[in-house]
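This report refers to the structure that appears directly beneath it.
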Ligand SMILES: Cc1ncc(COP(=O)(O)O)c(C=O)c1O
């Protein structure tokens, strides 16, 4: 990659960018919601299409000079329709996943209408109605949870749907390692006349690859971010299915109006171009193969972790991610120690978590980036081994209920991991593996 203009005009920004690129190249990224955008996508993102204002939609813009931008937007829409067959209408203008979810509620509901979604602590997203999110300020958010075994509590969903009569039911997750039960949700939504919205941000790349069931036959509207398993720029797609249009032929227009002029003004055209590029890549056989490999790698990683005695939520995975219990309130300890060893994942609540939201008892990890770098089952074995070694190094550090004592222990822990030689050795081993699988060849 050539950044010579930036290097000359702003060495400070250039250096920060190089430092981050180096961090990415030399460490193992296991956060399941991240991906590697291709060089072509990055070139599109850095293009002068960012210079243009084009509020409105193709053929109906407020400013002139949008002939080319119209073509770009239509291309992105067409490719989205090819990637998600049978989708009838696509909006490619939402600024990211959170605004896209808000735009759907805003298009479908009046202020105060009820939305029903999975609670954040049980792996829903903030924008599915969490109390600190605007989605619960403007709408009456009701939240469902998980069964003790870590699967969605469909009986609770059904009970709450009948009790609260929601306008929209959301089926979508951030840390659920099993197939999303679209069909079961569809039956519940139909029984109460609610719109069913699928937030497939995490799994959309798997859906395109055929490695996960498609929500298209079951739901009314689909939102996906484009920067997770879909492997594109940070952005979002809102897609309307035939089912929805049968219920209300005006609905697609309501969503479009909700985005513009309801919530947003100018679309980010460099992003639209980058989406078109990424969707073009998603239509290739290589992408399809990659989607299946992401799942195979996650299953292999899960198997090796279980061989080391780790406890996985629901006993494994059907998709790209794994959720692992590591003892009451210890998720943060493992996250920080792994950081020191060049392995990035995040602390996360687990089913029936004995810890707290801030000190949860598990970690969440996924295989998209490792797979996109070319790593396969053999490397997953190595990764599981490193996770085990790191967890053994920190066995003396456990969660303490007393807040003051906990703070002190955390200080000791941080001093310990900063100096620990074995963590430094593992970091070197991790770096050596990463160098064999460069992100940008
Ligand atoms: C399921 C789900 N929906 C929505 C979002 C929000 O996306 P964004 O970060 O683009 O606002 C995320 C992001 O993590 C997500 O996982």
- Message: I'd like to check something: does region 97-105 contain any residue that is closer than 30 Å to residue 383 by Cβ, within 16 Å of the ligand (Cβ to nearest atom) and out of contact with any strand residue (DSSP E or B) (no Cβ under 9 Å at 6 or more places or on another chain)?
- Response: no
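For region 213-225, name all the residues that are touching a residue at least 60 places away in the same chain (Cβ under 8 Å) and crowded, with 24+ Cβ neighbours inside 10 Å. Don't jump to the end; show me each part of the working.
Quick first cut of region 213-225, residues touching a residue at least 60 places away in the same chain (Cβ under 8 Å) only: 214, 216-217, 221-225.
Hits for region 213-225 are 221, 222, 223, 224, 225.
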- Which condition number does residue 371 fail, the rest of (1) in a loop (DSSP other than H, G, I, E, B); (2) surrounded by 14 or more Cβ atoms within 10 Å (Cβ to Cβ) being met? (1)
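So, residue 152, is that one within 16 Å of the ligand (Cβ to nearest atom), at pLDDT below 95 and over 21 Å from residue 282 (Cα atoms) or not? Outline the logic, then answer.
Working: within 16 Å of the ligand (Cβ to nearest atom): yes; at pLDDT below 95: yes; over 21 Å from residue 282 (Cα atoms): yes.
Criteria met by residue 152.
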- Query: In region 177-228, what count of residues is obtained for those that are within 10 Å of the ligand (Cβ to nearest atom) and assigned to a loop (DSSP other than H, G, I, E, B)?
  - Reply: 7
- Residue in region 163-176 that is surrounded by the fewest Cβ atoms within 10 Å (Cβ to Cβ), counting only those that are more than 15 Å from the ligand (Cβ to nearest atom) and part of a loop (DSSP other than H, G, I, E, B): 165
- Query: Of (1) outside any helix (DSSP H, G or I); (2) without any contact (Cβ under 8 Å) to a residue 60 or more places away in the chain; (3) touching a strand residue (DSSP E or B) at 6+ places or on another chain (Cβ under 6 Å), residue 332 satisfies all except one. Which?
  - Reply: (1)
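Does residue 160 meet the test of being under 21 Å from residue 219 (Cα atoms) and surrounded by 18 or more Cβ atoms within 10 Å (Cβ to Cβ)? It would help to see each step written out before you state the result.
Numbers: under 21 Å from residue 219 (Cα atoms): yes; surrounded by 18 or more Cβ atoms within 10 Å (Cβ to Cβ): yes.
Yes, satisfied.
Sort out which residues of region 183-197 are farther than 20 Å from residue 155 by Cβ and within 22 Å of the chain's Cα centre (by Cα), and write them in order of number. Explain how you work it out, then say what you get.
Initial filter on region 183-197 (farther than 20 Å from residue 155 by Cβ): 195, 197.
197 - this is the single residue of region 183-197 that is farther than 20 Å from residue 155 by Cβ and within 22 Å of the chain's Cα centre (by Cα).
Please pick out the residue among 121, 136 that is farther than 29 Å from residue 253 by Cβ, within 16 Å of the ligand (Cβ to nearest atom) and out of contact with any strand residue (DSSP E or B) (no Cβ under 8 Å at 6 or more places or on another chain).
121
Conditions (1) at pLDDT 95 or above; (2) out of contact with any helix residue (DSSP H, G or I) (no Cβ under 8 Å at 6 or more places or on another chain); (3) within 20 Å of residue 124 (Cα to Cα), marked per residue:
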site: 200; (1), (2), (3): yes, no, yes
site: 207; (1), (2), (3): yes, yes, yes
site: 219; (1), (2), (3): yes, no, yes
site: 227; (1), (2), (3): yes, yes, yes
site: 237; (1), (2), (3): yes, no, yes
site: 245; (1), (2), (3): no, no, no
- Which residues, counting only those in region 237-260, are in contact with a strand residue (DSSP E or B) (Cβ under 8 Å, 6 or more places away or on another chain) and either in a loop (DSSP other than H, G, I, E, B) or under 16 Å from residue 81 (Cβ atoms) (or both)? 237, 238, 239, 240, 241, 242, 244, 245, 252, 255, 256
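Tell me, which strands (runs of 3 or more DSSP E) wholly within region 51-147 include 2 or more residues that are under 14 Å from residue 237 (Cβ atoms) and assigned by TED's automatic domain parsing to the domain that holds residue 226? Lay out the reasoning, then the answer.
Numbers: elements: 87-91, 114-118, 140-144.
Correct list: 87-91.
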- Here are some conditions: (1) within 16 Å of the ligand (Cβ to nearest atom); (2) touching a helix residue (DSSP H, G or I) at 6+ places or on another chain (Cβ under 8 Å). Residue 283 meets all but one. Which one does it not meet? (1)
- Item | Residue count for region 80-96, restricted to those that are within 14 Å of the ligand (Cβ to nearest atom) and surrounded by fewer than 24 Cβ atoms within 10 Å (Cβ to Cβ) | 2
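Can you tell me which residue among 67, 78 is more than 18 Å from the chain's Cα centre (by Cα), under 22 Å from residue 282 (Cα atoms) and free of Cβ contacts under 8 Å to residues at least 40 places away in the same chain? Before the answer, list the steps.
Numbers: 67 fails: under 22 Å from residue 282 (Cα atoms).
Just a single option satisfies the conditions, and that option is 78.
The values are calculated or read from the model by the stated rules, or taken from the named source; none is laboratory data. Note that this is a predicted model, so its numbers are computed, not measured. Methodologically, a virtual Cβ is constructed for each residue, glycine included, from the backbone with ideal geometry; neighbour enumeration extends over all protein chains shown.
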